[in-house]
Each structure stands twice: as C-alpha cells, then as structure tokens.
1. Under the definition of Cα pairs under 8 Å and six or more residues apart, what whole-number percent is the relative contact order of segment 373-521?
2. Just need the relative contact order of the chain here, percent rounded to a whole number, with Cα pairs under 8 Å and 6+ apart.
3. In Å and from the alpha-carbon atoms only, list the Rg and Dmax of segment 365-433.
4. Place a label point 7 angstrom from the Cα of LYS330 along the Cα-to-Cβ direction, then list the residues of segment 124-142 whose backbone nitrogen is under 18 Å away.
5. Students often check this: by mean Cβ neighbours within 10 Å, which of 406-413, 196-203 ranks highest, and how do the rest follow?
6. In percent, how large is the relative contact order of segment 215-337, given Cα pairs closer than 8 Å and 6 or more residues apart?
7. Projecting each Cα onto the charge dipole of segment 423-520 (Lys/Arg +1, Asp/Glu -1 at the beta carbon, about the Cα centre), which of PHE467, LEU483, GLN447 comes out farthest on the positive side?
8. Compute the semi-axes of the equivalent ellipsoid of segment 100-196, taking the square root of 5 times each eigenvalue of the Cα gyration tensor, and list them largest first in whole Å.
Amino acid sequence: MKRLFLLSGAVLMILMPLSSIAQNAKARNPVIFSDVPDMSMIRVEDTYYMSSTTMHMNPGLPLMKSKDLINWELIGYAHKALADMDELNLNHGKNTYGRGSWASSLRYHKGVYYVSTFAQTTGKTYIYMTKDIEKGPWEVKEFKPMMHDHTLFFEDDKAYMIWGSGQLHIVELLPDFSGIKPETQHVLIDNATLPSTPNGTQGGLPAEGSQLFKVNGKYYLFNISWPPGGMRTVIVHRADQLMGPYEGRVMLQDKGVAQGGLIESTHGEWYAYLFQDHGAVGRIPFLVPVQWKDDWPILGIDGKVPQELNLPASKGLVPGIVNSDNFSRKKGEIKLPLVWQWNHNPVDTLWSVTEREGYLRLKTGRIDTNFLQARNTLTQRTIGPACSASIAIEVAKMKDGDFAGLSLLQKNYGIVGVQSVGNQKYLVMVNASTGSPKEFAKIPLDQQRVYLKAACDFRDKRDVANFFFSLDGEKWISIGTPLKMSYTLPHFMGYRFGLFNYATKNTGGYVDIDFFDYKDK
C-alpha cells in the first residue's frame, strides 16, 4: 500500500478575501524553527541565498534560497563529501560527530558564488566556487591552516579571511584561492571580546563567528561572545579602513539571540540574521530589524528581539526544509530529495530507491555493535514547536541480529524498530536519554509489515518524544518510555529523524521502507 500525501485547505480561508489574509499575515520569530545554525546570507538582485552548518551530515554545507527572507527552500549542497577517511566513514570505531564542516561564509563577487568552510576533522579550510549556485558545478580549493569561524571578504581584486576566537586575525588569500599569503597575516583585533567584558572578566565564550560587511564605505565586523554569567551577545566592531583600527560595541543582548550578520532587503530595509540555542530542536534562525544611527547598526526594537516582523508570513517548513517521501521516482528525478542527509558518508551500494519501485531499500554490509556507529542512517531535521514522522517498513528479508527502524538521532537517542533474533522478530524501543542506551520494550512481531512513529514536542522547551507502532497503519500504540531529548555538545546538532538498518551478526539482509510521512504537528 503506497501512502499518498495530500494537502488539505481550510474551508474558512476560502470565504475570506485573499487581500485581507495577506494584509494581516506577518512573519514571526523564529523564522525557521529548526536546526539551521551558523548562517551566512547574501542577496543577488531579488533573491536571497543562505548557507549553514550540518557538520557530520552528508552531503554537507547546505544552501537555501528565498524571495522574502522568511520562506526558504533547500537548493543544494556545496560538497558531497569532505574526504574519504575513517572518521567521516564511521570506520574502525571512529566518527566525526560534532565536527565535520562548521560555520561557512557565503559571498558573491564578480559573477561567482563563493562559500567557504573549515573542518576540525581534516584540519583544513575549504573554498567552493560556482557561477550557478543552484546547478553548479562546484570547484573546490582546500588548504591548511584551518581558519576557525572565518569570514571571506573581497576588497577590489583581493580576497581576505578574518578568523579566530578572542584574538582575531586577517590574511590575504592567493589569487587562485589555493592557500594564503603567510607574509600578509597579522592580528586585526587583539581582544574582540572586550566590549562584552569591559571589567576584564575571564572565561565564557571569547568573540568568534566573524562576519565582515562593508556599508557606505565603513567596515562592520560581527562576532558573538558569551560573557560569564551572561548570555550570547552580539558584538560589532567598526572601522574606516579594512585593516582598522576597529572600535567595538555590544549591539544586542536579548534571549541569547546572536551570531550572524547583516542583510539589506529588496525594499532597502536592514536586518540582522542571527540564531538562538533552543534546546533539543537545535539552533534556530531569527531576524532582527536594524536601524542605522551615527553609522552604527542598531539591532532590535528598543534593544529587544521582536516576535513579529514586517515581512510576509511563513508558509511552513514543509516542503522547503523538511518533507514527506513516498520513495516513488519519476524518470530524471534525483534519487533522494535535498531534505535528506546521511549520517556521515554513506555506502552507496547499500541503499536504493530503484531495486524495488516505490521503496527505500536499506541493506547491511558489515557488522556493527551500536546504532551511533552504524552506516547509512538517512536523516531529516526535526522542527518546532512539534512534529512527527511515521514509516511503513517491510522486514521479511532481515537476518538474525539485524536491527532496523525509525530513530531520533543525537548522542542521547531514541529508537523504535524491528529486531531479528533467530527466527523471531520483535518490536523494540531503545531509550538513551541518560547517555546510555537501554531497551524499554520488546514485543514479539508476527507479521512482515509494520508501521512506526516518533512524535516530538519542543513547545516551551519540553523536549520530549514519544514512540508508537501500528499493525495496520490506523491504530497507534505507544511503546517504551518517553525520550527526554537533550542537545549535547558531542553531537552539536538538533535531533533528527533517522531511517536505519544495521547488522550485529550476519550481513546481506535488507529492509524496504514504503514511505516516510512527516507532519508539522
């Protein structure tokens, strides 16, 4: 049975004048209630583009576009894989959770799009280049050193990077972007944290996350700091010359909304794009209005982050950021829509959407001892304030020791799945909210098709998920215990729905997933 995903309209809205709806609907913060951190944003003519961080996910360095700063859709990724190495491949007990590619810098210069990033995993800095940000192809240059939280900046025909934590450095890049000119490197700002710690308090998060902009002939360098006992804070340094000297001020301390930069709308309005740590759902984007006063960008309304924005209302994150999938592909369609990312580098020979039409087949190819080291877990973001995902999975071809199903991926993960033990299959729920996985349910399963569901509640940072199963796709039965979700630094990412299948005894088994049904409630 192939499930159809239909959009239902509200009858009352048909009776309301469309002009009235448009006039009354306004955007609200957060503009994306999902894990889209470390944003870098540009506008090219009437289109906005944004890059973000997905660390250990593959493909990586996601790219999005919007026409109104509110409604975003994924348009691609800068890289398919950073490198072929054990940490990125989940080989030999190694992984790169919480590392991979970090904060990027997106720029447009003389007809070319540039997006740069850095990776602790490889110790390198990367610059990706293309003339067509949506279709590519992308050319990549990689080099050492790794420049932490850098900003790429063009001045005439020269390219620079500014990076660092606390003490910020600047260096000129080689004309072909293959490396740096070491002789040009110097300290740009010795203590960029100082505006947020005027009394010299030590500790906390030093100024980092640099993003540099030039507005009306002046240079504005955005950074984040986190003073001890305080909150995430926006610091802006201003200078008349690229090389300084720079004068710094605290420009926003509210709700922990920080780290990002400036964007000018098509209507000449200015905004700061920033994000907030929001518990288990991850780090979520905000827009903050900016007014210019005495050549300083004044962030917020009376120093506060507004709930409502003078921008069009959000149409929701489905299908632009997350989406359902029935795994049916028409001729010429990509095998996996952009909403999907693999946990680490996948093994392409162990999955298919063509071997059985209308199904995602996940095959086992090696023995794994635990879920976090299992390869080929296919993921999508969770979204707030609440969401759920359900699947139909067929398990007839599982082998003894196989475990497959639906997960909520983070260090303290949760799973509802099917486990094959000898000739018997079981419905199993695993809860790792304490940091150690524990089996809380094991129910004999006497059929080869079963439905699984995970439902997340992020309202008021409740951060609780519940798991369910169904034998007919209609009646849902709770299984196991509620998962108390927590955002952990080892993974450094909001919870994600994951489809998985791994072997603990024998390889060569597989499962077929009929559909993935995503609901934003």
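The values are calculated or read from the model by the stated rules, or taken from the named source; none is laboratory data. This one's a predicted model, so the numbers in the text were calculated from it and none came from an experiment. Methodologically, a virtual Cβ is constructed for each residue, glycine included, from the backbone with ideal geometry; neighbour enumeration extends over all protein chains shown. Protein only, heavy atoms only, side chains kept; ligands, DNA and RNA dropped before computing areas. Shrake-Rupley method; radii C 1.70, N 1.55, O 1.52, S 1.80 Å.
1. Values: 401 pairs, mean separation 55.7, N = 149.
37 percent.
2. On the way: 1400 pairs, mean separation 75.4, N = 521.
Relative contact order here is 14 percent.
3. 13.0, 41
4. Counting only backbone N, you get no residues.
5. On the way: 406-413: 23.6, 196-203: 12.4.
The peptides rank, most packed first, as 406-413, 196-203.
6. This gives 15 percent for segment 215-337.
7. Highest projection toward the positive end goes to LEU483.
8. Values: eigenvalues 105, 45, 34 Å².
Computed over segment 100-196, the values are 23, 15, 13 Å.
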